[in-house]
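Visitor: Got a structure here, written out as structure tokens. Questions coming.
The values are calculated or read from the model by the stated rules, or taken from the named source; none is laboratory data. This one's a predicted model, so the numbers in the text were calculated from it and none came from an experiment. A quick note on method: Cβ atoms are made from the backbone with ideal geometry, for glycine too, and the neighbour counts reach across all protein chains shown.
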Amino acid sequence: MATKHIVQQYNEDGFVIVRQLISTDEIAALDQHVDDFIRDVVPTLEPGDVYFEDTPSRPVKSIFRMNRHAPYFQQLADDLRLRDLATALLADTNITCSNVAFFGKPSGDGSVVPAHQDNAFQYWAPPDVLTVTIAIDESTVDNGALICQQGSHRLGVLPHQPSGVMGFSMALVEPPDLASHPEAALCLQPGDVAVHHVATVHRSDANLTTRCRRQLSIGYCSSRAQPDEAARAEHRKRLATLHAGAKPLQS
Ligand SMILES: O=C(O)CCC(=O)C(=O)O
């Protein structure tokens, strides 16, 4: 159940952390399901549903729409603790899950995620949409914790440009002023949950440590939010061009 304080902090900052929402046993099960998915389903995925790090061992960088391929991930998105949290933060009793994604940031190979706002390529209006991130591993400043800019969700969608980074194709032309919108690293323990608004500016650094920083992200949207399908179709065309020039999925 989201307390008034959690809702207030989310509205003020555009992100919030809820500690230890998911138990150790549940994280162990999640870890196993992610491993199974990477072994059994990833080899069958289309470009755009999975990205690999551009390093010799090509570990998985990110996976999208996992709930379409494995019932476990839809069940997780339907978990009442997560739905109740999103319901309270979106102030809507009729929310839906828009995506279940995995962000790997593998040890040594995990690359930089450029500063961006999710709504620069999700195109929701009104932007009453958020991402719930479940920490599978500990995240710290040196293994690539998610970094959010406080209050940036109130700025609307700022100008973005192609980033040249596979899986995070758009980056802010110029991040908002750090004095007005200070950065906060969302350092999590396994089982902690972080939430960020679809317009919150966020990024993460490379993982140069020997510790993986794996996170599962679930998108929830309010019934008020409608996607701009024409803008999404244009974005998909741009992505298709990028994928056509990309390395094969499996090395
Ligand atoms: O893996 C990361 O650090 C970035 C994740 C991200 O961009 C997101 O959850 O929206």
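Visitor: Name the pairs whose Cβ atoms lie under 7 Å apart, with the first residue in the range 231-251 and loosely packed, with under 12 Cβ neighbours inside 10 Å, the second in a helix (DSSP H, G or I) and at pLDDT 85 or above, and 6 or more positions between them or separate chains?
Guide: Gln250/Pro43
Visitor: Same structure, new question: May I ask you to say which residue of Leu188, Leu178, Leu216 is of a type in the set (A, V, I, L, M, F, W, C) and more than 16 Å from the ligand (Cβ to nearest atom)? So that I can check it myself, show each step before the final result.
Guide: Values: Leu188 fails: more than 16 Å from the ligand (Cβ to nearest atom); Leu216 fails: more than 16 Å from the ligand (Cβ to nearest atom).
After applying the criteria, what remains is Leu178.
Visitor: Just one of (1) away from the ligand (no atom under 14 Å from the Cβ); (2) under 14 Å from the mean Cα position of the chain (by Cα) trips up Ala101, so point out which.
Guide: Of (1) away from the ligand (no atom under 14 Å from the Cβ); (2) under 14 Å from the mean Cα position of the chain (by Cα), only one is false for Ala101: (1).
Visitor: Ok, one more. Scanning the range 131-146 for residues that are more than 17 Å from Asp31 (Cα to Cα) and out of contact with any strand residue (DSSP E or B) (no Cβ under 7 Å at 6 or more places or on another chain), which turns out surrounded by the most Cβ atoms within 10 Å (Cβ to Cβ)?
Guide: Selected residue: Asn143.
Visitor: Take Pro182 and tell me if it is touching a residue at least 60 places away in the same chain (Cβ under 8 Å) and not charged (D, E, K, R). Outline the logic, then answer.
Guide: On the way: touching a residue at least 60 places away in the same chain (Cβ under 8 Å): no; not charged (D, E, K, R): yes.
No: the conditions fail for Pro182.
Visitor: Hey, among Val16, Val42, Val50, which residue is touching a strand residue (DSSP E or B) at 6+ places or on another chain (Cβ under 6 Å), over 21 Å from Met166 (Cα atoms) and either crowded, with 17+ Cβ neighbours inside 10 Å or among the polar types (S, T, N, Q) (or both)?
Guide: Values: Val42 fails: over 21 Å from Met166 (Cα atoms); Val50 fails: over 21 Å from Met166 (Cα atoms).
Criteria check complete, one pass: Val16.
Visitor: Would you mind listing the strands (runs of 3 or more DSSP E) fully within the range 105-160 where at least 3 residues are in contact (Cβ under 8 Å) with a residue 24 or more places away in the chain and under 26 Å from Ile95 (Cβ atoms)?
Guide: Details: elements: 113-116, 129-135, 146-149.
Where strands (runs of 3 or more DSSP E) fall fully within the range 105-160 and carry at least 3 residues being in contact (Cβ under 8 Å) with a residue 24 or more places away in the chain and under 26 Å from Ile95 (Cβ atoms), they are 129-135, 146-149.
Visitor: Residues of the range 136-154 being of a type in the set (A, V, I, L, M, F, W, C) and within 11 Å of the ligand (Cβ to nearest atom), which ones? Steps first, answer last, please.
Guide: Here is the first cut: in the range 136-154, the ones of a type in the set (A, V, I, L, M, F, W, C) are 136, 141, 145-148.
Within the range 136-154, Ala145, Leu146, Ile147, Cys148 qualify.
Visitor: Let me ask you something else. What residue, of Val173, Val157, Val201, Val165, is at negative phi, surrounded by 22 or more Cβ atoms within 10 Å (Cβ to Cβ) and either at pLDDT 95 or above or within 16 Å of the ligand (Cβ to nearest atom) (or both)? Spell out the reasoning first.
Guide: On the way: Val173 fails: surrounded by 22 or more Cβ atoms within 10 Å (Cβ to Cβ); Val157 fails: surrounded by 22 or more Cβ atoms within 10 Å (Cβ to Cβ); Val165 fails: surrounded by 22 or more Cβ atoms within 10 Å (Cβ to Cβ).
One residue alone meets the criteria, Val201.
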